[in-house]
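Here the structure is laid out as structure tokens; the discussion comes afterwards.
The values are calculated or read from the model by the stated rules, or taken from the named source; none is laboratory data. This structure is a prediction, so every number in the text was calculated from the model and none was measured. Here the Cβ is made from the backbone with ideal geometry for all residues, glycine too, and neighbour counts use every protein chain on show. Remember, those area values only see protein heavy atoms, side chains included, never the ligands or the DNA or RNA. Shrake-Rupley method; radii C 1.70, N 1.55, O 1.52, S 1.80 Å.
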Amino acid sequence: MKTTLFSIFLLVLGGSTMAVNELTESWTDTLPDSKVYNESDQYQEVQEILNGKCVSCHSGPTAAHGLQLDSWKHILTGSEHGEAVIPFDAERSLLSEITTKLVGGPHPEELGEPGLTTDEKSFLNNWIDRGAPSKEGLIAFADAEHLLYAANQGDALISVIDMESNVVIRTVDLQKLGFSANAQPHHIVVEPDGSYWYVSLISDNTILKFDRSNTLVNKLTFERPGLLALDPNTDKLYAGRSMAAVSPPQTIGIIDRVSMNLEEMGVFFPRPHALAVEPKSGAVYTASLSVNQIATLYPEDESIELFTMAGEKMHTLVQFAISPNGQWMAGTTELTSSIFLFDLTKNIEIGPIDTILVNSAPWHPSFTPDGRWVYAGNNRDNTVSVIDMNSRTLVNVIEGNGLSQPHGSATSHDGQYVYISNRNLETPGMQMSSSSSAPLPTGKTGYQPRYDLGDNSHIGTIVVIDIYSQSIVKVIEIEKYGSGLGVAGAN
Ligand code: HEC
């Protein structure tokens, strides 16, 4: 049901008005007094409820946390911290959660004010689940252009974030599409024009293809998929194997993105994980988690070159990123906590040009769109390393609230923001590392959610870093175990 709603409501925020009546029967049943509402009545009644019980504290310049609840636009804009309403998902909308699950008494009762009645709560939830339409039937963020997709590996859920306002604007609940609660969405890649996106489900052994309105359009079976990479100049999508897989096939997947047909190509080493495509040549780079080897695949003639790194120490390459001009490839290493820089204009056999030591367990690296910086969160240090590609040195280590087992990374198309997803699974001192026995940081606290909703103590986050100031500007709360991030234009 949810996916159909998406495609029907392709209306523009602030654009021409249009009533949407097709969906009335799906919600009239559940209305508290079984009155039949039209679009405009439903929002009107929502506004009356909020006027009666909320706007005394949530309007004007002194509104609590900047959250104004006095108009549709304000409600959908959210607070200074983030969204209050996620259209189509009442269950995960703070406006609903805070008035039902807040520990210490549901809000605003905890402030000594009358709370919402059961009928009012279900009326609000119903409105949100229908997309929180305005009185004209508009759905917020239907026209959002620059989207960030975040996998919640612990929740069978994808969060979709608008990169202009940095709020969660949609969720895609995989369980509602028939996948398991433990599907483990891991990594996401997006077509260069944003038309489709792909996600790997580790435990469900599946790779899914969604269109821009989040309708599932195709899927294929692939054993323990991990990282994905796409070639922007062809129809090829590549898939490696998850870290959770102990002895997966020694192949990577080569997928035709149009037909979603799969071929497998041997890489001749165990546990292929790190994965990136050099867009100019179409060469694919992958590395093993358990031997110090990198394979370069040339899809046009299906040839492969293997490169063994010098030295005895096990590195465990986690992930690659390639600079926009195709010259540099950054590779993060879990066990030696380094970022390798390979010059792809030279033979990879000469090894990394630079080995930059960083804090513990750098995870997914990202280049900024101008190629100037490489960012990577350090999974066991709760920090983010910043490499300046002019000097090819570590120039900054960012720390701060929201960084808790950093995992994925992505940059916005305009080069303004870097996004770092965080697992936030572990209590410091506890050990739940996916692939090694290295100790976790002690004395570094995990992220404490802004509100105690009883069930959210370990929710993941996406930390938004401003590239110009290299500082954290926002912490977006998502669901459990923030892992891979996908944006259009990254490969
Ligand atoms: C008596 C004043 C008061 C009333 C009435 C009130 N709120 Fe609040 N609201 C607050 C304050 C203060 C906060 C910040 C809470 C905190 O810091 O713990 C808040 C926070 C919130 C937030 C979280 C904003 C964020 O992002 O941090 C939401 C959502 C919210 N209120 C919704 C409502 C709704 C819905 C109603 C009506 C049912 C309501 N509030 C009524 C004072 C009020």
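Mind counting lysine pairs for me in region 147-487? Cα separation below 16 Å, and the two need to be 8 or more apart along the chain or on different chains.
Working: 176/209; 176/219; 209/219; 209/236; 219/236; 236/280; 280/346.
Lysine pairs meeting the criterion: 7.
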What FRET efficiency, computed as 1/(1 + (r/R0)^6) with R0 = 35 Å and r the Cβ-Cβ distance, is obtained for residue 40 and residue 205, rounded to the nearest 0.05?
0.15
Using a 1.4 angstrom probe on the protein heavy atoms only, could you order 227, 177 from most to least accessible area?
177, 227
In the calculated pair distance distribution of region 68-159, what percentage of Cα-Cα distances lie above 15 Å?
67
Projected label distance in nm at residue 91 and residue 65, using a 7 Å step from Cα toward the beta-carbon
2.1
Would you mind calculating the gained length between residue 466 and residue 250 on full extension (0.36 nm times residue separation, minus the Cα-Cα distance), in nm to one decimal?
73.8 nm
Students often forget the sequence filter, so: which lysines lie under 27 Å Cα-Cα from residue 53 once same-chain residues fewer than 8 apart are removed?
35, 73, 101, 121, 135
Evaluate the distance, in nm, between pseudo-label points positioned 7 Å from the Cα of residue 308 and of residue 290 along their respective Cα→Cβ axes.
1.7
Cβ charges +1 (Lys, Arg) and -1 (Asp, Glu), total dipole of the chain, debye:
1040
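Calculate for the chain the 222 nm mean residue ellipticity that helices alone would give, adding -39,500 (n - 2.57) per DSSP H run of length 4 or more and normalising by residue count, nearest 500 deg cm²/dmol. Numbers along the way, then the final one.
Numbers: 6 runs with 52 residues, N = 491.
Roughly -3000 deg cm²/dmol at 222 nm, from the helical runs in the chain.
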Rounded FRET efficiency, nearest 0.05, which uses the C-beta distance separating residue 260 from residue 372 and R0 of 51 Å:
0.90
Using a Förster distance of 25 angstrom, determine the FRET efficiency expected from the C-beta separation of residue 81 and residue 176, and round it to 0.05.
0.40
Could you give the angle, 0 to 90 degrees to the nearest 10, between helix 39-53's Cα long axis and the longest principal axis of the Cα atoms of the chain?
80
If unit charges are put on Cβ atoms (+1 for Lys and Arg, -1 for Asp and Glu) and the dipole of region 90-233 is taken about its Cα centre, the option from 190, 124, 207 lying farthest towards the positive end turns out to be 207
According to a simple spin-label model (label point 7 Å from Cα along Cα-to-Cβ), what is the distance in nm between residue 393 and residue 216?
5.1
Relative to the Cα centre, what is the charge dipole magnitude of region 156-221, using +1 at the beta carbon of each Lys and Arg, -1 at the beta carbon of each Asp and Glu, and rounding to the nearest 20 debye?
220
Given the whole protein assembly as supplied and a 1.4 Å probe, what does the accessible area of residue 480 come to in Å², nearest 10?
80
What's the angle, to the nearest 10 degrees (0 to 90), between helix 118-129's Cα axis and the longest principal axis of the chain?
50
